[in-house]
Amino acid sequence: MADSQSNARLRADAGAPRSGVIHVRTRLTADFTVVANALAQRRGSAVTVGVAVYILSLPSGTPVTIAALCAHFTEGEILISRALRELEAAGYLERRRERTPAGQIRTRTYFYDVPGGTPEPDPDGPPDPPRPSKQPVADETPAEEPSVALTEADPQAISVLASLRHVDPRLVLSGREAVRLAPAVTAWLAAGVTPAQITRTLTTGLPDRFLTRPAGLLAFRLRETPLPAPPPPEPVARPAVPPLQTCDGCDRAFRAPAPGHCRDCRSARTGLPAAA
């Protein structure tokens, strides 16, 4: 007797979702990288997330310059540079200038899996001096720093900082934060940058999610962003050049506001020598 066969479809796994992605996971014991969901699910540029995950997967000491990243990715320098700037603004990437025991200045790059961490000492050099714990990064204020009243700060700088919330409602600053940021804004104003330029520089291209206080992002941009070029000076009005006229006596061309005789013909008619 032949075995009975059924054409009915197998019942789907009750735990599988009806739509969307279905993960097929493999337990890894080596060659893997732990990435926080806040970074992996960051809204915005996929290039930024890809560069961040790639840097996290590299061993310490691997070059992460723009040239090195362009050699790995197919994207060009503009996209890679933009991704690094976004990671800096979000607090994942920090470039710090440090002095070696030989007295040379070098730039060290620190990458945080979670923004606001403290870099570990350099295993190849002398230990860094202890740094005060900070959370978030931009709220670092020495305990001995004298407090400045809000009324003593530059009123124009305070006005620029207070107006940022009208452009982005998330940029709400406390009075203490505004006082701390005011000197940097005052320096920009003294350099000839207009309040509108400062507002545009501080509010353009902000991340979708702030992982620190808004003052942290503003402090970073005021500290690291090159000063925008001041508006060009008003052009100096040049005197009007009289039009060309044809001399009524000798048909020679000369410049004058109205038709008539040239300088030589006028001199001959008056009997006076022509002016040099």
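The values are calculated or read from the model by the stated rules, or taken from the named source; none is laboratory data. What you see is a predicted model, and the numbers here were worked out from it, not measured in a lab. As a convention, Cβ positions derive from the backbone with ideal geometry for all residues, glycine included, and neighbour counts pool all protein chains shown. Side chains are part of the model used for accessible areas, which takes the heavy atoms of the whole protein and leaves out ligands, DNA and RNA. Shrake-Rupley method; radii C 1.70, N 1.55, O 1.52, S 1.80 Å.
Among the residues of the stretch 67-91, those identified as in a helix (DSSP H, G or I) and open to solvent by less than 60 Å² (accessible area, probe 1.4 Å) are Ala68, Leu69, Cys70, Ile80, Ser81, Ala83, Leu84, Glu86, Leu87, Glu88, Ala89, Ala90. Just so you know, in the stretch 170-194 the residues that are outside any helix (DSSP H, G or I) and under 16 Å from Arg213 (Cβ atoms) include one that is farthest from the chain's Cα centre (by Cα), and it is Ser174. Mind counting the residues in the stretch 38-61 that are charged (D, E, K, R) and open to solvent by 50 Å² or more (accessible area, probe 1.4 Å)? Qualifying residue count, the stretch 38-61: 1. Within the set Gly44, Gly61, the sole residue that is at pLDDT 85 or above, closer than 28 Å to Phe210 by Cα, of a type in the set (Gly, Ala, Ser) and part of a loop (DSSP other than H, G, I, E, B) turns out to be Gly44. Checking Pro195, Pro243, Pro169 one by one, the residue that is more than 29 Å from Arg97 (Cβ to Cβ), at pLDDT 85 or above and touching a Ser or Thr at 6+ places or on another chain (Cβ under 8 Å) is Pro195 and no other.
Residues that are open to solvent by less than 80 Å² (accessible area, probe 1.4 Å) and charged (D, E, K, R) were ranked within the stretch 151-169; the one that is farthest from Thr212 (Cα to Cα) is Asp154.
Can you confirm whether Arg238 is closer than 22 Å to Thr48 by Cβ, open to solvent by 60 Å² or more (accessible area, probe 1.4 Å) and assigned to a loop (DSSP other than H, G, I, E, B)? When the stated conditions are applied, Arg238 does not pass them. Val148 meets the conditions (1) at pLDDT below 80; (2) of a type in the set (Val, Ile, Thr); (3) open to solvent by less than 50 Å² (accessible area, probe 1.4 Å) in every case but one. The failed one is (3).
Test Val64 against the criterion of being over 18 Å from the mean Cα position of the chain (by Cα), closer than 24 Å to Phe220 by Cα and surrounded by 12 or more Cβ atoms within 10 Å (Cβ to Cβ), and give yes or no. Spelling it out, Val64 is indeed over 18 Å from the mean Cα position of the chain (by Cα), closer than 24 Å to Phe220 by Cα and surrounded by 12 or more Cβ atoms within 10 Å (Cβ to Cβ). Regarding the stretch 87-103, can at least one residue be identified that is modelled with pLDDT of 85 or more and of a type in the set (S, T, N, Q)? No: the stretch 87-103 contains no residue that is modelled with pLDDT of 85 or more and of a type in the set (S, T, N, Q).
All conditions but one from (1) in a helix (DSSP H, G or I); (2) open to solvent by 70 Å² or more (accessible area, probe 1.4 Å); (3) over 30 Å from Arg97 (Cα atoms) apply to Arg223; the one that does not is (3).
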